Amino acid sequence: PAEVTVLESRDRVGGVLLRREVAGNPVDLGAESVLTTRTEALDLIEELGLTAELHRPTGVPASVWSRGGFHPVPRGTMMGVPGDPSLAAGLLTPEEVDRARDTGREHTPVTEDLSVGDFVEQRMGPAVVDRLVEPLLGGVYAGDARRLSLTACIPALAKVAREGGALADAVAALTDRSGGTQARPAPPFASL
């Protein structure tokens, strides 16, 4: 008995979510999954009685198209932030891998909320943001990493920022048991 009114300024509904054809295959574009490490979405799905409809991605590992080819997202990343930058070799140049190693450096604790992109760029360099973080955050939040709140999107890393710890070490510790983005057997993403 409810009446629903959809207001849409574009010529189609759905906002940034849409389906396109890539190489003859239908592909969903936009933020079509939830991040299961953030329980709010899972709680809502359960409250709506849709838990049985929850599906995890196939066994195909996450990859990023960069520099003319697909590169697997390294195991032990959190939203694209690598726990071991050397595992991103190929996707990152040797110089970018060296820049991404923030372990052993002194880091000033952050007192205000930064964007995810700004924080990661300060600690690991712009290549990590552009080639790893941006593709993953764009898929989850459909937004620009340099405009998304670190506290809202990745609270565990916001804690690292406040404490002044090394980002790579924190990600390695946080993904040690789970595997992070390339987790097995269950990736941290799910969809209805």
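The values are calculated or read from the model by the stated rules, or taken from the named source; none is laboratory data. The structure displayed is predicted, hence computed values, not measured ones. Quick reminder, even Gly has a Cβ in these numbers, built from the backbone with ideal geometry, and neighbours come from all protein chains shown. Ligands, DNA and RNA are excluded from the accessible area calculation, which covers all protein heavy atoms including side chains. Shrake-Rupley method; radii C 1.70, N 1.55, O 1.52, S 1.80 Å.
Once backbone amide H atoms are built at 1.01 Å from N, Val64 has His71, Val73 as its partners under 5 Å, excluding neighbours fewer than 5 places away on the same chain.
Keeping every protein chain present and rolling a 1.4 Å probe, give me the accessible area per residue for the chain in Å². Provide the component values of the computation, followed by the final result.
On the way: 11220 Å² over 192 residues.
On a per-residue basis, the chain sits at 58 Å².
Only the Cβ atoms of Lys and Arg (+1) and of Asp and Glu (-1) were treated as charged; on that basis the dipole of the stretch 49-107 about its Cα centre amounts to roughly 140 debye. For the chain, adding -39500 (n - 2.57) for each run of n ≥ 4 DSSP H residues and dividing by the number of residues yields -7500 deg cm²/dmol at 222 nm.
Modelled spin labels at Val6 and Asn25, positioned 7 Å past Cα toward Cβ, are 2.7 nm from each other.
Residues in the stretch 33-50 carry Karplus couplings, in order, of 10, 10, 8, 6, 6, 9, 6, 4, 5, 5, 4, 5, 4, 5, 4, 7, x, 10 Hz; the curve used is 6.51 cos²θ - 1.76 cosθ + 1.60 with θ = phi - 60°, and Gly or Pro positions show x. Only the Cβ atoms of Lys and Arg (+1) and of Asp and Glu (-1) were treated as charged; on that basis the dipole of the chain about its Cα centre amounts to roughly 480 debye. Restriction of the trypsin sites (Lys or Arg not before Pro) in the stretch 100-169 to DSSP coil positions whose beta-carbon has at most 13 other beta-carbons within 10 angstrom yields Arg105, Arg147. The phi torsions of the stretch 116-126, fed into the Karplus equation with coefficients 6.51, -1.76 and 1.60 and a -60° offset, translate into couplings of 4, x, 5, 5, 5, 4, 4, 7, 10, x, x Hz, rounded to whole numbers, with Gly and Pro shown as x. Split the accessible area of the stretch 61-192 by element, probe 1.4 Å, and carbon with sulfur accounts for 55%. Projecting the Cα atoms of Phe70, Leu137, Gly83 onto the dipole axis of the stretch 13-161, where Lys and Arg carry +1 and Asp and Glu carry -1 at the beta carbon, places Phe70 farthest toward the positive end.
Between the stretch 11-51 and the stretch 115-149, the C-alpha centres lie 20 angstrom from each other.
Let me have the relative contact order for the chain, percent, based on Cα pairs under 8 Å that are six or more residues apart. All intermediate terms of the calculation are to be shown ahead of the outcome.
Details: 289 pairs, mean separation 57.1, N = 192.
With pairs under 8 Å counted, the relative contact order is 30 percent.
Of Leu50, Leu150, the residue with the largest accessible area leads and the full order is Leu50, Leu150 (1.4 Å probe).
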